[in-house]
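Trainee: First the structure, then my questions, so here it is.
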Amino acid sequence: MTVFSASVPIIVLAFALAAPQAPSAGAPASGPETFDVVATATAGANAKGTLTVPLTVQIDRYTPEHERTKMTDALKYNGYPGFVNALREAPRAGTLDVAGDKFAIRWARSVDTDTGRVVTIVTDQPVGFVGQGRRGSKPTAGYEVAVMQLTFDKTGHGTGTMAAAARVKPGGETGVRIDNYADKPLTLTATVHAR
């Protein structure tokens, strides 16, 4: 459910977009909180190594239900352009820091699970185009957001995936599909930073 694909868009925000927000056990229901994240990318099919980048997710507030509805309705009725417009009009929910470059988080959701919680964030611009410049790489136009999903256990340790450049499309069982620019997602490990 959280695996991205460049050729076949898949559902990744299903849980976060379809379910109403529930307070997370042992974590702030409205923020603030910080996650230390390490993203790992393989350089390609014939890769000789991997690239590791530290990230910091600072959540100032989680997206309230009325803002979530505005964005999901925009996607449902006006497609991806409508979603991007609604996302960029939403108040800032936090910041994603990637090696000193800061990106505005406009969507932040935390949903409880039996074993912990799932946190999803969406930035209002792409973080990077993994694979750009490679021979035969596709155009970057239209990949206007970044999407990260983290699954935390009850101790605050998590794993996840990230599409550093993505499109959000209507469709699928929950009405949301993610088209990742990269061949495969960045893999993530994360820890909730004690405040």
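Trainee: From the residues in region 17-41 that are outside any strand (DSSP E or B) and at pLDDT 60 or above, which one is least open to solvent (accessible area, probe 1.4 Å)?
Mentor: Among those that are outside any strand (DSSP E or B) and at pLDDT 60 or above, it is Gly31.
Trainee: Sticking with this structure for a sec: From the residues in region 74-93 that are touching a helix residue (DSSP H, G or I) at 6+ places or on another chain (Cβ under 8 Å) and in contact (Cβ under 8 Å) with a residue 24 or more places away in the chain, which one is farthest from Glu33 (Cα to Cα)?
Mentor: Leu75
Trainee: Taking the residues in region 94-106 that are without any contact (Cβ under 8 Å) to a residue 60 or more places away in the chain and closer than 17 Å to Glu65 by Cα as candidates, determine which candidate is most open to solvent (accessible area, probe 1.4 Å).
Mentor: Going through region 94-106, the residues without any contact (Cβ under 8 Å) to a residue 60 or more places away in the chain turn out to be 95-106.
With closer than 17 Å to Glu65 by Cα added as a condition, the list becomes 105-106.
On the way: Ile105: 0, Arg106: 41 Å².
Once the filter is applied, the top-ranked residue is Arg106.
Trainee: Related question: Condition first: open to solvent by less than 20 Å² (accessible area, probe 1.4 Å) and under 14 Å from Tyr62 (Cα atoms). Can you find one or more residues in region 134-145 that meet it? Please lay out each step first, then the result.
Mentor: First, the residues of region 134-145 that are open to solvent by less than 20 Å² (accessible area, probe 1.4 Å): 143, 145.
Pick out the ones that are also under 14 Å from Tyr62 (Cα atoms) and you get none.
No; the residues of region 134-145 include none that is open to solvent by less than 20 Å² (accessible area, probe 1.4 Å) and under 14 Å from Tyr62 (Cα atoms).
Trainee: Being closer than 25 Å to Gly31 by Cβ, open to solvent by 40 Å² or more (accessible area, probe 1.4 Å) and over 17 Å from the mean Cα position of the chain (by Cα) is the requirement here; does Asp73 meet it? Let's see the steps before the verdict.
Mentor: Working: closer than 25 Å to Gly31 by Cβ: yes; open to solvent by 40 Å² or more (accessible area, probe 1.4 Å): yes; over 17 Å from the mean Cα position of the chain (by Cα): yes.
Here the answer is yes, as Asp73 does meet what is asked.
Trainee: A follow-up question, please. From the list Gly44, Gly79, which residue is closer than 25 Å to Glu173 by Cβ, out of contact with any strand residue (DSSP E or B) (no Cβ under 6 Å at 6 or more places or on another chain) and modelled with pLDDT under 95? Show your work before the answer.
Mentor: Values: Gly44 fails: closer than 25 Å to Glu173 by Cβ.
On inspection, the qualifying residue turns out to be Gly79.
Trainee: Something else now. Answer yes or no as to whether Lys184 is at pLDDT below 85, under 17 Å from the mean Cα position of the chain (by Cα) and basic (Lys, Arg).
Mentor: On the way: at pLDDT below 85: yes; under 17 Å from the mean Cα position of the chain (by Cα): yes; basic (Lys, Arg): yes.
So Lys184 passes the test.
Trainee: What pairs come up if the first residue lies in region 110-132 and is under 19 Å from Thr191 (Cα atoms), the second is of a type in the set (Phe, Trp, Tyr) and surrounded by 23 or more Cβ atoms within 10 Å (Cβ to Cβ), and their beta carbons are under 6 Å apart, counting only those six or more places apart or on different chains?
Mentor: Pairs found: Ser110/Tyr62; Gly116/Phe152; Arg117/Phe152; Val122/Trp107.
The values are calculated or read from the model by the stated rules, or taken from the named source; none is laboratory data. All figures in this text were calculated on a predicted structure; none of them were measured in a lab. No Cβ is skipped: glycine too gets one built from the backbone with ideal geometry, and neighbour counts run over all protein chains shown. Accessible surface is based on the protein model in full, side chains and every heavy atom, while ligands, DNA and RNA are left aside. Shrake-Rupley method; radii C 1.70, N 1.55, O 1.52, S 1.80 Å.
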